[in-house]
Amino acid sequence: MASINSPKGTHDLISNEARAYKYISDICEEVATLYGFNPLHTPIFEANELFARGVGDATDIVRKEMYVFKDKGNRLMALRPEGTAGVIRSIIANKLYATNDLPLRYYYSGPMFRYERPQLGRYRQFHQFGVESVGIGGVYDDLEVILLAVHALQALGFETITTRINSLSTRETREKYKEALKEYYKEHLNEVCGDCKVRYEQNPLRMLDCKVEHDVELAKKAPKITDFLTENDKKDLEFVKNALLGFNIETTIDFSLVRGLDYYSGIVFEFEYLPPSGKNYGAIGGGGRYDKLVNDLGGPALEGVGFAFGIERLFHILNEEGKLEHTNVKDDLLIISVGDTARFDAYSLLTSLRTHGVRATTNFSDKSFKSLFKIAELRGAKYALIIGENEVNNQVVSVRDLESQSQVEVPYQEIVNYILEKLGFNHHHHHEECDCDCEGHEHHKCKCECDEHDECTCDCECDGECTCGECNCTCPECSPKKKEE
Ligand code: AMP
C-alpha cells in the first residue's frame, strides 16, 4: 500500500528536535514570567469571524491563508493563524479586564496555521511564542514588551539582533495615508499583481507588503508614512528608538515596515538576525501596538501591545550555530544482560539506578556485544554495565568505561554506589532542595518537611548496612543486600 506523507508545509518534531522546541519556548516563558506575564492557552480553532474581524478581512492571512472549515454543526471555523485575536477574545469573554490590576499580561505558545507557499523558514503549521500586554498603552508598555523580546532572544543565545521599528499612527492618519497611496497607485493599477488590485480596494497599505518583484519596486517609490505621522507619533518613535539604543539594542527606524495584520496602530517592530551562514530565514519575530482591537472584538476600549516569535526560525538559526546541543538527551549508561537470570538482575539494578535519577536503559534481546556497545555509544552512554552468566555466578557487574574502553568488576552490593560516584551523583542529588544532612536511608530521623523524606515509611526487615533497621527504601546500602537474601 502506498505510504501517506505528512501534509505539505508541515514537519514532524522528533526526539531531540522536539526537546529543542520545548527548550526554546521554556526559555521564552521563563523570561516572560520575569516580566510578570502569565500563561493563557486558547483553542487552536476559533470562529472564523474572530480572525475576519480581528486580523482583518483585507489581509493576506485572512483572504488566502486561513484553514477554514465548517464543523458538523455548520459553524464556520478557522485554525488560528496567529495568537493575538484568541487572547483578546479570551480577555473579553472572561471579562479579565474587570480588574484594577492593568495591564493584563499573558503569554502563549503553540502551533499556528497559514496556507502559505512553503519555503525556507515558511511553513503551513508553525509554532509561535507570543505575549500580549493589554489595558495601559503608552511608550513604556511598548518598550517593556520589546525589552522582554530582546531579553528572551539573548537568553537563547542570540548575540546580535536588529530591531526595526516604525509607527503606523492612528486610524485617522492611516486613512489619510491610504488616500495618498491610492492616489499614487492609481496610475500603476494595470501594472500591479492581481492581489494588489484587490488590496487597492480593500487596504492599499497592504500593497507595500507585496512580495512580487515589480510591486516591490513600485512600493519603494510610494509615499512614505513619515510624512503623515503626527508630532506625537514621531515623539513616541524617537523615544522608543532612543530608549532601546540606550540599552545597547541595535535599533533602526524603518518606514516601510507595515506588518501583515490590520490591527496594528502606533509603534510596530520586527526582530531580525542574519546568521553567519548567510541563510535568511526572515524575521524571527514581530509585533506592535493595537488600539482598537479589543473594542472591535466587542470589548472595552483598551489598548494593547504584543509580539510573536516564530519558533521554527529561532530553532533553525540556533541549531545551525550549535547552540541547542545541550538540550540533547544522553543516556548515562546501558546495561547489557545475557540470559534470563542476568536479565532479571539487570532489571533490579535498572530500577535502583533510575530511582537515583540515573538515565539507564537495557537491551531487550541478545545481540553481539559489538552492536550493543555501538547502541550505547549512539545513546551517548558513558558506561556499559555487563551482566552475563559469569557475572551472575560471581555476583558482580562488569563496568566498561566506553570512553577509555577499560573494564572493571564491581560486586552487586557496591554497584549502585560505584556508579553514582562515577557519575558524580550523591544522595543529595535527589534532595537538592533539602538542607538536611541525612544519608537518604535515615529519612525517619530527619525533621525536614521535604517531599522525598515524607515518603519513606521504613518498615522493611533488611539487615544490611542500613542503620534504621526498618526501611524499605531502594537506597544502595539496602537494595543489594535485600537481593542477596
Ligand atoms: P506574524 O504573526 O506574521 O507577525 O509573525 C510573527 C513571526 O512568526 C514571524 O516573524 C516569523 O518568525 C513567524 N512566522 C510567521 N509566519 C510563518 C510561517 N508561515 N512559517 C514559519 N514561521 C512563521
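The values are calculated or read from the model by the stated rules, or taken from the named source; none is laboratory data. These numbers come from a predicted model, not from an experiment. No Cβ is skipped: glycine too gets one built from the backbone with ideal geometry, and neighbour counts run over all protein chains shown. The protein model used for the area step is the full one, side chains on, heavy atoms only, and it has no ligands, DNA or RNA in it. Shrake-Rupley method; radii C 1.70, N 1.55, O 1.52, S 1.80 Å.
Expressed as an acute angle from 0 to 90° and rounded to the nearest 10, what is the orientation of the C-alpha long axis of helix 412-422 relative to the principal long axis of the chain? Between helix and principal axis, roughly 40 degrees. Helix 340-355 and the longest principal axis of the C-alpha atoms of the chain enclose an angle of approximately 50°. Proximity of backbone amide H atoms, modeled 1.01 Å from N, is registered between H127 and M112, I311, E312 at under 5 Å, excluding neighbours fewer than 5 places apart on the same chain. Ranking N319, Y383, G299 by Cα position along the charge dipole of the chain, where only Lys, Arg, Asp and Glu carry charges on their C-beta atoms, puts G299 farthest toward the positive end. Going by accessible surface with a 1.4 Å probe and the largest first, M112, M1, M77 read M1, M77, M112. T361 exposes around 40 Å² of accessible area when a 1.4 Å probe is run over every protein chain in place. Of the beta bridges in the range 1-135, as assigned by DSSP with both residues counted there, near 90 percent are antiparallel.
Expressed as a whole percent, the accessible area of the chain that falls on carbon and sulfur atoms is 49 (1.4 Å probe). For the range 289-349 versus the range 230-279, the spacing of their alpha-carbon centroids is 28 Å.
Taking square-rooted eigenvalues a ≥ b ≥ c of the alpha carbon gyration tensor, is the range 108-205 rounded, prolate or oblate, where a/c under 1.5 means rounded and, failing that, a/b exceeding b/c means prolate?
Working: a/c = 2.38, a/b = 1.46, b/c = 1.64.
Oblate is the answer for the range 108-205, as a/c is 1.5 or above yet b/c matches or exceeds a/b.
According to the square roots a ≥ b ≥ c of the eigenvalues of the Cα gyration tensor, what is the shape class of the range 6-133, taking rounded for a/c under 1.5, prolate for a/b larger than b/c otherwise, and oblate for the remainder?
It is oblate, given that a/c is not under 1.5 and a/b is not larger than b/c.
So how tilted is helix 369-378 from the main axis of the chain? Cα-based, degrees 0 to 90, rounded to 10. Long axis of 369-378 versus the principal axis of the chain: about 40 degrees.
For the cross-link pairs K95/K292; K197/K234; K211/K323; K176/K197; K178/K211; K176/K234, which exceed 25 Å when the distance is taken from alpha carbon to alpha carbon? Show your work: numbers first, answer last.
Values: K95/K292 17 Å; K197/K234 31 Å; K211/K323 32 Å; K176/K197 19 Å; K178/K211 19 Å; K176/K234 16 Å.
Exceeds cut-off: K197/K234; K211/K323.
Per-residue ellipticity at 222 nm from helix content only, as computed over the chain with -39500 (n - 2.57) for each DSSP H run of at least four residues, stands at -10500 deg cm²/dmol. About its Cα centre, the dipole of the chain is roughly 2900 debye, where the only charges are +1 on Lys and Arg Cβ and -1 on Asp and Glu Cβ. Average accessible surface for the chain: 51 Å² per residue, computed with a 1.4 Å probe over protein heavy atoms with every protein chain in place. Shape class of the range 330-425 from the Cα gyration tensor (axes a ≥ b ≥ c, square roots of the eigenvalues): rounded, since a/c falls below 1.5.
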